[in-house]
Structure formats: structure tokens, C-alpha cells
Amino acid sequence: MGTAVGLKPLPFLIAGEWIQDTPSHITHINPATGEVNYEVCAATEGHIDAAVHAAQKAASNPGWRNMLPHERARLLNRIADLMIERSDLLARCQMLENGKVWKECKNQVANGAATFRFCAAAIETLGSEITPPRGNYLSMTVYEPWGVVAAITPWNSPITLTCNKIAAALAAGNGIVLKPASFTPTCGIELGRIALDAGVPPGILNVVPGSGSKIGDALVNHPLVRMVSFTGGTEVGRRISEFAGKKIIPAVLELGGKSPHIIFADANLKAAADAATVAIFEGTGQSCTAGSRLFVERKVYDQVISMIIERAKSLRVDLPDAPGAQLGPSASFSQREFIEKMVNGARNEGAEILIGGQRPADARLAKGAFYLPTIVAGIRNTSSIAQQEIFGPVLCAMPFDNEDDLIQQANDVSYGLASGIWTADYKRAWRVARALEAGMVWINTYKQFSTAAPFGGFKDSGLGREKGLQGIRTYQQVKTMFWSMSDTFDGGFSIAK
Ligand code: NAP
């Protein structure tokens, strides 16, 4: 993996122009090697203001605002085509920046392109609605864009998560100011380039990398921003939601998780152990839906944990571009430090580390932010390692005795993003699935995703939904029209309806 030290800092995009002359830069460190990847120009509050104004101007242009659905769909499909054409470049941006393995990065590009195609098809077919009249009129519901959407994304899956936001927001007719995470600025920048090359009018998609703590407030609080779409941690999400509340604008919040993955004794234990391994270790555990709290019915607990340990041992931790690599490094050195702190804290409190709990011994990986797949046992669900999101390859394993005990423990957490249930008893699956406080329930499977299915969390895991048809409606506001069919005025309170 090469680096680009000495090259000019990479520019960002406002109003179709590439901005290169900035007072500060983001220095990007490759988490797999510790080397500098490149520098990226960092936006200031002034750039945020310019980007929001550009988005507002472009979004209110009738050429964009009144674009016919099939024309908008053509643009979205063109973006998907360009994503596939530039798939290696996009995948490489992500791999260099967050250390995810090559295969996962390539799959994210394919899925991102599929999201654009889904939104293209949806916007061509999603209609306005005629609602039942209660008088001599036609009543209709139509959907309007919000105007300027601030889209703020995290570092763990920048391609997927950016596409979820911008495909739907563009389909819905908005202008966008995208602020990518500082650890992963270039995927958003390259997607901005693709949108421009596809023919999206300049100013409709602006990309402004920069430190969230410095420019985030200016973006969210900008008076012309009419909606915020945020994916990231709960703490920042709460702050954004407070600002949005004060402004009375909607905020879609896709936040953290600490998802229960549940295995009953009657389940297909082999498949469940396979899934439990992937559910936590894929992506080096840096997934909001990671099955990080494993609950296994006590009578099969030892058997299942042994199976998962065997599988975890066989996982290949390696440089992200090594053929066959399954786990890359953590996305940053600070992230690995946090993982180590959490695991060491649990160890000091008496937890058993069944596997991992340390950096790999392989000298080739010594300069990267690598950490071995880790299973922590002998803990209670109330312990901090079981309650706090770690966002690393760390599985908390706990036994349960019966269904009531299980549901109580599974729901005893501030988050409510995802969950998984393994059982052969379909009635129990139904009961438990309905009782779980989670936006997603996988039954006898885990981590199935569809661009056609809504995604989002309960409780501290967020508010609102992205993806699916609901995900497009998220980026639109509702307008109701009453259209008189009478020659005289017959409205008002004096008429009973
Ligand atoms: P984060 O620290 O909350 O940052 C997310 C984004 O917010 C980054 O672009 C960050 O910029 C920006 N930001 C920081 N402070 C801000 C502020 N005051 N105002 C506006 N923006 C601000 O989260 P992360 O560490 O990047 O990502 C990990 C988290 O994302 C985990 O909790 C994970 O569960 C969650 N996540 C959720 C989902 C989901 O769909 N539910 C999906 C993926 C990840 P900087 O990078 O410059 O700090």
C-alpha cells in the first residue's frame, strides 16, 4: 500500500469547485501501517457557510427542484454506473483510511451503487396520493424536499453510509452538504466527484471534510440547513438532536449499538456459531450492528463457546490488501487504545479472556493498529464491558437460564439497534422478536441487509429510518392539498365533516 507524502493536500468540493487553499489540513494515517497516507484540506466555518449557500441556491433552482422523476432516476443510475467503473478507486480510499479488508470495501461499493439504483427505481414509482375526500374537493398528499440537508457520516463504513444518505436525499430533490469523518475523508470526496461527473448540478452535493468538533456546530446550526442526517456515536447524536430541536428541524439519527445475539439450546448450533463469529468479528468489530453481547442458553453454553473459539482462532488477521485477510486493523490507533482499555479494565475486574485480549505477535503487523479477535466471559450484563459500545473485535459471552431471564438481560442496555435469535421454535422466535427493544431482529440469521428494507434503531441507537421507501420519505416533507370541486365556497368550521 503506497503513501502520498509530499503531494498537495487533496481538495474538497463546494458549488462544483475544488477548494485547495485552506489554512489547515487533515493528515491521514494509514491504520494498517502507521504511515501517512495523504493530507486533505480541512474546511473552516467559512467553507461551511459557502457550502450551505451553494446547496440552497442549487436546490432552489427550478431545473433541480422540478426535475421529473425519470430524469432524476437517470442521474442516480449514472452515479451507480460511475461507482462501478471507479470501484477500485473507491474501495482503495476506504481500505487505506479505515483498514477494512479489500473484499469488504469492494462489496461496499457494489452495495452503494445498488442503493443508487434502488433510489432511482423508487423515485420513478413513488407517487403522490389521493386521499379520501370528506367534502366536494380533491385532497392530495405530495412530497417536497426539505431544502438543504446536512449529512454527517462516521468512519467505519463510509461508502455504504454515505450512499444511504446521498442517494435518498438526491432522489428526494434536496441539496446536500456532506461532512465525512476526519478518519475517512476521501470516500465522500470521490462520491462528490462522481455526482458531478454524472451530471448532478454543481452545488447540489458539496463535500466539506473537517473536524466535527470545530465545524460541526456551524453546519448543524446554519439557518439554511433544514434537515440533519447523522450517523455516528450517541453522544454527538444527542448534541445534534438538541440543536435540531431548538431549530425545529428533523434529525435522522443512526447511532451506536450493543446488540444482543441470542442462541437457544434447540437452535442449529453450527450455523449459530458461524453467525456469532461473523456477527462480531467481521469488519474488526467496527459495525454498529455487531452482535457484541452473546447470550447462550446455559445447557449448551460451553459447547457453543468452544465452537466460536475454534472459529475465531481460524480467522486471518492481516494487512487489509493481503489475499484472504478477514480482519484488518482498527480504523485508528486511538480506537485500538480504547479497545485495550476496555478489555484490560474487564480483565482487572476478574473477567476471563477466552481468546485474544492482545495485539497479534506477527511482526508484519506491528506498526498497524491491529488487535486479535477477543472473547470475554465470566462477566455480568451490567458490567461496563457488556454495556458500553467498544466498536472492536470483542465479544461478551454470557449464559442465560430461561426466556424471561434472557429478555430482561437483552433489553437491559441503553441501545436498541439490532438483535439476533437462534431457535428451532418459531413461536418462541416470534415472542422474543416482539419483546426485544431493537430496530432490527434477525431470526436464524444475522447481518442480512437490504437497501429495500428500512434501517434504524430504538432507544439510544437513534431516531428515524434510512433505506427502503421510508428512507426516501425521510428526506421529504409532506404537503397536503385540498382542491375544490365546487363553484361556491363550502369550507370552514360551520360545515360538519
Ligand atoms: P462520532 O465521533 O460520533 O463521529 C461521527 C461524525 O460526526 C464524524 O463525521 C465526526 O467528525 C462528526 N462530529 C463530531 N463531533 C461533531 C459535532 N459536534 N457536530 C457535528 N458533527 C460532529 O462517531 P464515529 O466515532 O465516527 O463513528 C462510530 C460510531 O458511529 C459508533 O457509535 C457506531 O455505532 C456509530 N454508527 C452507527 C451506525 C448506524 O447506522 N446506527 C452506522 C455506523 C456507525 P470527526 O470525524 O471530524 O470527529
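The values are calculated or read from the model by the stated rules, or taken from the named source; none is laboratory data. Just so it is clear, the model here is predicted, and its values are computed rather than measured. Cβ: placed from backbone, ideal geometry, glycine included. Neighbour counts: every protein chain shown. Please note that ligands, DNA and RNA were not included when accessible areas were found on the heavy atoms of the full protein model with its side chains. Shrake-Rupley method; radii C 1.70, N 1.55, O 1.52, S 1.80 Å.
Values as computed for the structure displayed
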{"read-out": "Rounded to 5, percent antiparallel among DSSP beta bridges of the stretch 260-443", "value": "15 percent"}
{"read-out": "FRET efficiency, K103 to A452 (Cβ-Cβ, R0 22 Å, nearest 0.05)", "value": "0.40"}
{"read-out": "Whole-angstrom gap from the stretch 200-266 to the stretch 60-135, using each part's C-alpha centre", "value": "20 Å"}
{"read-out": "Most to least packed among 490-497, 416-423, 463-470 [average Cβ atoms within 10 Å]", "value": "416-423, 463-470, 490-497"}
{"read-out": "Accessible area of K57 in the full protein assembly, 1.4 Å probe (Å², nearest 10)", "value": "150 Å²"}
{"read-out": "Heavy-atom accessible area ranking, 1.4 Å probe, most first, across R117, R311", "value": "R117, R311"}
{"read-out": "P(r), alpha carbons of the stretch 111-267 - 10 Å bins starting at zero, rounded %", "value": "10, 35, 30, 16, 8, 2, 0"}
{"read-out": "Rg/Rg_globular for the stretch 63-172, with Rg_globular taken as 2.2 N^0.38 Å and Rg from C-alpha atoms", "value": "1.34"}
{"read-out": "Estimated [θ] at 222 nm from DSSP helical runs (n ≥ 4, -39500 (n - 2.57)) normalised by residues in the chain, nearest 500", "value": "-12500 deg cm²/dmol"}
{"read-out": "C-alpha center-to-center spacing [the stretch 353-400, the stretch 432-483] in angstrom", "value": "30 Å"}
{"read-out": "Contour excess over end-to-end distance, with Cα ends at Y426 and D404 and 0.36 nm allotted per residue", "value": "6.3 nm"}
{"read-out": "The chain, accessible area per residue, ligands and nucleic acids excluded (1.4 Å, Å²)", "value": "42 Å²"}
{"read-out": "Förster-model FRET efficiency, 51 Å R0, T131 and R434, C-beta, rounded to 0.05", "value": "0.95"}
{"read-out": "Overall Cα dimensions of the chain - principal axes, largest extent first, Å", "value": "78, 64, 38"}
{"read-out": "Virtual spin-label span in nm between S384 and S139, 7 Å along Cα→Cβ", "value": "5.5 nm"}
{"read-out": "Interatomic Cα distance distribution for the stretch 260-443, bins of 5 angstrom, percent", "value": "1, 8, 18, 22, 20, 15, 9, 5, 2, 0, 0"}
{"read-out": "Beta bridges by DSSP in the chain, antiparallel share as percent, to the nearest 5", "value": "45 percent"}
{"read-out": "Convex hull projection area averaged over all views, the stretch 58-114, Cα basis, nm²", "value": "4.8 nm²"}
{"read-out": "Relative counts (whole %) of C-alpha pair distances in the stretch 187-330, using bins that are 5 Å wide", "value": "2, 8, 12, 12, 12, 12, 12, 10, 8, 7, 3, 1, 0"}
{"read-out": "Mean Kyte hydropathy of 0.5 or more with a Cα span along the axis of at least 15 Å, helices from DSSP in the chain", "value": "158-171, 185-198, 269-281"}
{"read-out": "Sequence-distant aspartates and glutamates (8 or more away, or on other chains) whose Cα lies within less than 17 Å of K479", "value": "E129, E144"}
{"read-out": "Quotient of C-alpha Rg and 2.2 N^0.38 Å, computed over the stretch 416-497", "value": "1.81"}
{"read-out": "Burial order of peptide ranges 323-334, 122-133 (average beta-carbon count within 10 Å, highest first)", "value": "323-334, 122-133"}
{"read-out": "Label-point gap, in nm, between I443 and A265 - each point 7 angstrom along Cα→Cβ", "value": "2.3 nm"}
